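Sharing a structure below in structure tokens format, with a few things to ask.
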Amino acid sequence: MRRLALSVLALTSFILPATTPAQSPIAKTPPMGWNSWNYFYGKVTDKDIRDSADQIVSSGMKDAGYVYVNIDDTWQGKRDANGVLQANEKFPDMKALADYVHSKGLKIGIYSSPGPRTCAGYEGSLGHEEQDAKMYAEWGIDYLKYDLCSFIPAVMQKQAPNDKAAQMHLMIAAYDKMSKALKATGRPIVLSLCQYGWDAVWEWAPALGGNLWRTTDDIQANWNSIYTILSQQEGLQKYAGPGHWNDPDMLEVGNGKLSLAENRSHFSMWAMLSAPLLAGNDLPHMKPEINAILTNRDVIALDQDPLGKQADRVYSEGEVDVWKKQLSGGAVAIAILNAGSDRQSTHPFHLDTKKLGLRGTVKGKDLWSGKEIELKDNMPIELNARDILLVRIEKTK
Ligand code: GLA
């Protein structure tokens with residue numbers, strides 16, 4: 001169902017702002033943490049969540065800024081006679097689990113759907129929005145990912161067959177309803193919209209209190225998926241800012257067969273995009289080189305820069321893309337990404353500093369080697385396949 005064509009209907013006049021983005025007290029910088037889906041999928045258990053929380057602390061990820069430990073789909077059991085949703089046997093005591101995660105100085109996230117069922121077929125929140133929001137608050141939940149899924153056939157297509165505009169109204173109203181239900185609890189809970197970027201979500205999600213919204217279909221642990229999603233972020237820059245972020249989906253760093261260069265480039269570009277940094281790998285078995293990527297403080301600082309400006313792709317030459325991100329204090333970050341599978345040595349890429357608005361030769365820091373680097377106009381840059389040169393320049397004038 002996620003693969004339905006995107007609708008670009010403009011319905012921005014429909015929602016009544018519950019809060020303006022500027023008032024949002026949470027997600028001032030893109031949320032950082034970990035989510036269970038990209039590695040555990042439907043197998044995640046209470047123990048996996050506890051082990052991951054432990055590992056976030058012992059791996060240095062917590063010190064580097066990772067805070068949220070998010071349970072994705074498949075935690076739900078059945079509703080009792082009063083409609084109260086019980087967790088299933090994989091999660092014996094949600095309150096105790098939340099207390100455990102909090103005891104580590106971390107926060108905990110959960111997952112639901114505005115439909116009757118989640119994407120994996122578990123119980124959704126339809127008709128129980130206030131009740132579920134209250135229960136999340138009682139458990140001490142700090143983050144909700146709200147995933148459209150069965151709301152499409154069960155409500156949108158059923159109530160408004162053949163009327164795309166009416167379907168989108170129903171969808172927006174469903175997100176607005178949960179946002180209000182969360183607010184009514186009085187607990188600050190990050191609201192993550194997951195509806196795959198339909199109906200220009202970036203135009204209406206901030207007004208209803210969304211802190212982040214998926215901009216695309218699901219990510220997968222392969223370069224093609226990562227690069228396709230990266231390319232789809234162009235044009236969305238102006239919608240990101242403190243309290244409200246474009247979400248190109250959770251990280252696949254350390255998953256599948258991604259090469260080290262691919263992992264580095266993926267992480268670098270998500271930081272350039274001011275994307276939420278939600279790791280999705282098997283933390284207890286994380287290799288040191290993956291840990292080093294996820295905890296590179298200089299790269300994380302790009303993502304968490306208080307200005308909250310998402311990078312622009314300034315130009316491309318062959319398979320090399322050049323992106324620029326404005327940072328606070330007049331600093332900039334430049335990313336030069338070899339998206340192709342060939343090493344650029346016989347025909348190296350030549351940098352055009354004019355296109356980047358850089359004057360003369362500038363000094364910066366190569367954020368992966370940690371060394372000083374000089375960027376000169378027309379300089380040849382050799383990049384391995386799918387590797388990146390990521391440079392921070394403190395002041396450009
Ligand atoms: C959808 C979402 C994923 C994940 C799964 C869970 O596919 O886009 O991120 O939450 O549902 O079923």
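Could you identify which residue out of Pro161, Pro188, Pro30 has the top mean-square fluctuation in a GNM of the chain using Cα springs shorter than 10 Å?
Pro161
Still on this model: Taking the highest mean first, how do the peptides 248-259, 268-279 order by number of other beta carbon atoms within 10 angstrom per residue?
Highest to lowest by the protection proxy: 268-279, 248-259.
Where does the chain land at 222 nm, in deg cm²/dmol rounded to the nearest 500, when only DSSP H runs of n ≥ 4 count, each adding -39500 (n - 2.57), divided by all residues?
The helix-only estimate for the chain comes to -7500 deg cm²/dmol at 222 nm.
Sticking with this one: Would you kindly state how much longer the chain becomes between His350 and Glu130 on full extension, computed as 0.36 nm times their sequence separation minus their alpha carbon distance, in nm to one decimal?
73.5 nm
List, in order, the whole-Hz ³J(HN,Hα) value for each residue of region 224-239 obtained from phi through the Karplus relation with A = 6.51, B = -1.76, C = 1.60 and θ = phi - 60°; use x for Gly and Pro.
For region 224-239, the Karplus-derived couplings read 4, 5, 4, 6, 4, 5, 4, 5, 6, 7, 4, x, 9, 3, 5, 8 Hz, x marking Gly and Pro.
Tally up the carbon and sulfur contribution to the accessible surface of region 262-397 as a whole percent, 1.4 Å probe, everything protein left in place.
Carbon and sulfur: 46 percent of the exposed surface of region 262-397.
Let me ask another. Evaluate the charge dipole of the chain about its Cα centre and quote only its size in Debye, nearest 20, assuming +1 on the Cβ of each Lys and Arg and -1 on the Cβ of each Asp and Glu.
With only Lys, Arg, Asp and Glu charged at Cβ, the dipole is about 680 debye.
By how many nm would the segment from Ala184 to Asp218 lengthen if fully extended, with 0.36 nm per residue of separation less the alpha-carbon distance?
Contour length minus Cα-Cα distance gives 9.2 nm.
In Å², what does the accessible area per residue of the chain work out to with a 1.4 Å probe?
Computed with neighbouring chains in place, this is 40 Å² per residue.
Here's another thing I want to ask about it. Could you let me know the centre-to-centre spacing of region 58-136 and region 241-299, using Cα atoms, in angstrom?
23
Go through region 31-47 residue by residue and turn each phi into a ³J(HN,Hα) via Karplus (6.51, -1.76, 1.60, θ = phi - 60°); whole Hz please, and just put x for glycine and proline.
x, 10, x, 8, 9, 6, 5, 5, 10, 8, 6, x, 8, 4, 10, 3, 5
What is the set of long-range amide H partners of Trp245 at a cut-off below 5 Å, with H atoms built 1.01 Å from backbone N?
When sequence neighbours closer than 5 places are left aside, the close amide H contacts are Leu212, Trp213.
If we count every other residue with Cβ under 9 angstrom of Asp142's Cβ, Lys/Arg +1 and Asp/Glu -1, where does the sum land?
+2
Show me the ranking of peptides 76-84, 43-51 by mean Cβ neighbours inside 10 Å, starting with the highest.
43-51, 76-84
Taking H as built 1.01 Å from N, whose amide H comes closer than 5 Å to the amide H of Val190, not counting residues under 5 places away?
Tyr143, Leu144
How far apart, in nm, are two points set 7 Å out from the Cα along the Cα-to-Cβ line at Gln232 and at Asp312?
Calculated label separation equals 2.4 nm.
Find out how many positive minus negative residues lie around Lys90, taking Lys and Arg as positive, Asp and Glu as negative, among other residues whose Cβ is under 15 Å from that of Lys90.
-4
Of the cross-linked pairs Lys95/Lys164; Lys309/Lys363; Lys90/Lys257; Lys309/Lys376; Lys62/Lys371, which ones have a Cα-Cα span greater than 30 Å in the structure shown?
Pairs exceeding 30 Å: Lys95/Lys164.
Check Gly115: other-chain or 5+ apart residues with amide H under 5 Å from its amide H, H built from backbone geometry?
Correct list: Ser125, Leu126, Ser150, Phe151.
Express in nm, to one decimal, how much length is gained between Asp93 and Asp366 on full extension, taking 0.36 nm for each residue of separation and deducting their alpha carbon distance.
93.7 nm
Work out the length of the dipole vector of region 313-362 about its Cα centre, built from +1 on the beta-carbon of each Lys and Arg and -1 on the beta-carbon of each Asp and Glu, and round it to the nearest 20 debye.
280
Another question about this same structure. May I ask for the angle, rounded to the nearest 10°, between helix 164-184 and the longest principal axis of the chain, with both axes built from Cα atoms and the value confined to 0 to 90°?
80
The values are calculated or read from the model by the stated rules, or taken from the named source; none is laboratory data. Since the structure is predicted, the reported quantities are computational estimates derived from the model, not experimental observations. Every residue, glycine among them, receives a Cβ derived from its backbone with ideal geometry; neighbour counts consider all protein chains shown. Side chains included, ligands, DNA and RNA excluded: accessible areas come from the protein's heavy atoms. Shrake-Rupley method; radii C 1.70, N 1.55, O 1.52, S 1.80 Å.
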